[in-house]
Structures are given as C-alpha cells and as structure tokens.
1. I'd like the full set of residues that are touching an Asp or Glu at 6+ places or on another chain (Cβ under 6 Å) and among the β-branched types (Val, Ile, Thr), limited to the range A:79-115.
2. Would you pick out the residues in the range A:100-128 that are surrounded by fewer than 19 Cβ atoms within 10 Å (Cβ to Cβ), modelled with pLDDT of 75 or more and in a helix (DSSP H, G or I)?
3. Go through the range A:294-309 and report how many residues are surrounded by 21 or more Cβ atoms within 10 Å (Cβ to Cβ) and either more than 11 Å from chain B (Cβ to nearest Cβ) or modelled with pLDDT under 80 (or both).
4. For the range B:29-40, does any single residue satisfy the condition of being more than 10 Å from every other protein chain (Cβ to nearest Cβ), at pLDDT 80 or above, assigned to a helix (DSSP H, G or I) and surrounded by 15 or more Cβ atoms within 10 Å (Cβ to Cβ)?
5. Looking only at the range B:42-59, count how many residues are within 9 Å of chain A (Cβ to nearest Cβ) and free of Cβ contacts under 8 Å to residues at least 12 places away in the same chain.
6. Report those helices (runs of 4 or more DSSP H) wholly inside the range A:174-269 carrying at least 1 residues which are touching a residue at least 40 places away in the same chain (Cβ under 8 Å) and touching a Gly at 6+ places or on another chain (Cβ under 6 Å).
7. Taking the criterion of being surrounded by 22 or more Cβ atoms within 10 Å (Cβ to Cβ) and out of contact with any Asp or Glu (no Cβ under 6 Å at 6 or more places or on another chain), would at least one residue in the range A:220-235 satisfy it?
Amino acid sequence: MRRFLFSQTSCSLLRRQRRPKDIPHRWFISSTSFSTAEYEDGDAFQNSPSKVKIFDRHLKRTQRDRAAWLLRPNDSFVHAVAENLVDRLEDCKKTFPTALCLGGSLQAVRQMLRGRGAIQKFIMMDTSYDMLKLCKSSQRDSDNENIETSYVVGDEEFLAIKESSVDLVISCLGLHWTNDLPGAMIQCKLALKPDGLFLAAILGGETLKELRIACTVAQMEREGGISPRVSPLAQVRDAGNLLTRAGFALPGVDVDEYVVRYNSALDLIEHLRAMGETNALLQRTNILKRETALATAAIYDSMFAAEDGTIPATFQSTLKEGEIFCALFWHFPPHFISFFKSKVIYMTGWREHPSQQKSKRRGSATISFKDIQKQFGNGS
Amino acid sequence: MKEKKTISPLRRILVNCTAQANEYGACVAAKVPEVERDMCLKEFLALKTCMQNTLRGKV
C-alpha cells in the first residue's frame, strides 16, 4: 500500500517539473470520452525499416505541447485556413455523420465548423496531449452544438482508426510534418467509408521562402556554411500525384496564397512557435548563434521590407490566384512591419463508391466535338 | 507561460540598433546572390558593438 502511494507521488512530481501546469493523475483513468492510443517510444515509433525520416516526431510533439499554451484563441491565419477548409463541406450535398480530425489546428476546425456537414460524431486526434486538453477545455467553455466529441492521442502515420468507419477526414495544416505523407494518406483512405471525403490543407510550395532566403544568406555570410532551417514542402504538382497514389477518386487540389504582415522577423518566429510550426528536421543543427540570428533578422527586414516598412512572409495556399492579406497586430510598436506570403495547398479526395461518376472508356464517345461546334457556332 | 510584456534581448537589440541593422542589411542585400563569408564584416562589427552595448547597458 505504501509502495503504491510512493509511486503515485513521484509520478506527479515528475509531471510537475515537465509541464507548467499541474495535471492531476486521475486524467488517465478518466471519462469514457478520452482514450489513448499512444505507441511505445522508440520501438514502433521511429524505427520502421524502410521509411525516410525527415522530421523528428518527438520534437514535433514537444513543440505542439508548447504551442498549445502559446496559441492565441483567435489566430487569424489559422482560422482563415480552417474556415476555407470547412467551407468545402457546404459544397457537398452529402452529410457526414462521423468525422475524424487529424492534427494541425484542431481547435480552429472545431470552432469554424458551426454545423456544416451535419457532423454528429467528431474524433479529434493529435500526437500532443496538451493540444487535446486545450481543445477539450475550450469546447467545454463554448458548448453550443450537440456533437459527440472524443479525443485520441495518436500519430497521423499510425492511424488507430478502424477501417471504413468514418465519413470524413479533415486535416488542417497537420500533414506537412509527417515523414511518410503518402502512407498517411493511404491510411486515411482506408479509414474512410466508401464515398467518404478526405479534406486536407498543408503548407506547400513557396511558403516561408523569404525566411529561407534570409536564413541561408545570413548563415553564409556569418558562418560560411548552411544548415537546413525550413522544412521541405510539397509542391502543388505533387499534391495531385499524392492523391491518386493514395487511391482517392475525384481528386481536387487548390492552392491559396496568404500574405501575413508582422512587425519584424522576430514576430514571425514567435508566431510560428505559437502555431507549433518551428523546425523539427532531423538534420537540423541545434545551435543558432546569436550573431547569426541577429544577422538573419537584419537581412530579412532589409531585403523584404515593403513601402510602409512592413516585411512579408509567404504562406502559399492558392484558391483563386488571389492574395489575401491578413494583418496581425502585435503588442509592440511598429518599427518594421514585415509581411510574408504563405502557400496552403488544399487537397480533396473521395473514397471510391459506385455512385461516383467515372471517366468513360477511351473510344466510347458518341458525339464528336465537331458536331458540338456546329451546334453552338464558331467562336462562341 | 511566457509573460507577454517580457521583451526578448534580440528584440531589444533590434530596436536599439536600427541604423546599424539597416546598414548591414543593405550591404548584404546589395551583394546577394554572391554571398561570401565575412563580406560585410565592417557593418556587422558595428552592429555587434551596438548589440553588446545594449546588453551591457541593460544588464
């Protein structure tokens, strides 16, 4: 009896050191809506034989834990992307009773949902326990919809969801940190019921190109060499291939470019940190010398400043080849205001179902284009 | 949790040393893409002394 009490105290002490807030031990023996599907560290997690490892998933989880505490509740960029993603549910006549939300900005998706798609059961999945706790507490505060939500701690690459069990899989800015994106998408497809929808938004293309340039130039000038600071991102042309390789029917890809303004390069880094998007490459150097950081900030501000002193940062996500300016106002007085463009790639795919239209067989055309042209007249 | 009013040292440096940072940035920006090590050393040393003054002045 005494031994059991001792282990319980030491456990909670350890946890108190690790996290800023106290987590009562009873969370793990808690209500029915909470389940853990966490894998043992080391064994199955990162040592699969034939996978390419680009990202350090343990570090990413820690960063997401920190982001859970840092993220402001109404972050405009994340909400804009989530709103765009969830809006696509309204384009479908189909309803989606069961939905799975994978990583990324869970809270934003939940908030932006507002009854679209007639979702009744919502499963939220994330590698970070703190992020799920944040979602759970924020949902408790603003409980306006009757959606039965359950929270799962799990990895996007090892989906613990039964096959053909969900109607909808949403992932908002989460999949660009997976080591094996095709594999993750294949698992999503398997989890979908026939005629189920897969919606994903990932950062791609030229996102953070300014930051990458500034980092590289500064590092070369100061240290004479470079190390990767910005992760490799999928291109738009790859997104279509990814969808077909995963086996989705009716694939669709849009890209949207967001230009986000900041006061300085430091605010950009703070925002990235708050979103949990900081560097988690396995090849990263843990060292960033103070001089190099200073040089990067100075170069960013000077190379990419706009007329009114703002600096840009690119997040690429094109929908209609337009630029959407989201101005983020921070607490500090504007000395330089930097903006950056970001590209977000939206991918949609459906699990095949007999009701979906298929492309016809070659040679089965019954009307020729010449006849159509005669019908409608030339040049119209 | 980080208190929002705490200003990180790097930010303080950038605020105080705006002129030097601008000069250094302009020097590098002019020479991109042929960037070599220590090609803007003079400007950077000016920035570095300003940085050390800022840190010493406050600390």
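The values are calculated or read from the model by the stated rules, or taken from the named source; none is laboratory data. All values reported here derive from a predicted model rather than from experimental measurement. All Cβ positions, glycine included, derive from the backbone under ideal geometry; neighbour counts span all protein chains shown.
1. Within the range A:79-115, just A:98 meets the criteria.
2. Scanning the range A:100-128 gives a single hit, A:118.
3. Residues flagged as surrounded by 21 or more Cβ atoms within 10 Å (Cβ to Cβ) and either more than 11 Å from chain B (Cβ to nearest Cβ) or modelled with pLDDT under 80 (or both) within the range A:294-309 amount to 1.
4. Scanning the range B:29-40, I find no residue that is more than 10 Å from every other protein chain (Cβ to nearest Cβ), at pLDDT 80 or above, assigned to a helix (DSSP H, G or I) and surrounded by 15 or more Cβ atoms within 10 Å (Cβ to Cβ), so the answer is no.
5. Total satisfying the criteria: 1.
6. A:181-191, A:236-246
7. Checked the range A:220-235: at least one residue is surrounded by 22 or more Cβ atoms within 10 Å (Cβ to Cβ) and out of contact with any Asp or Glu (no Cβ under 6 Å at 6 or more places or on another chain).
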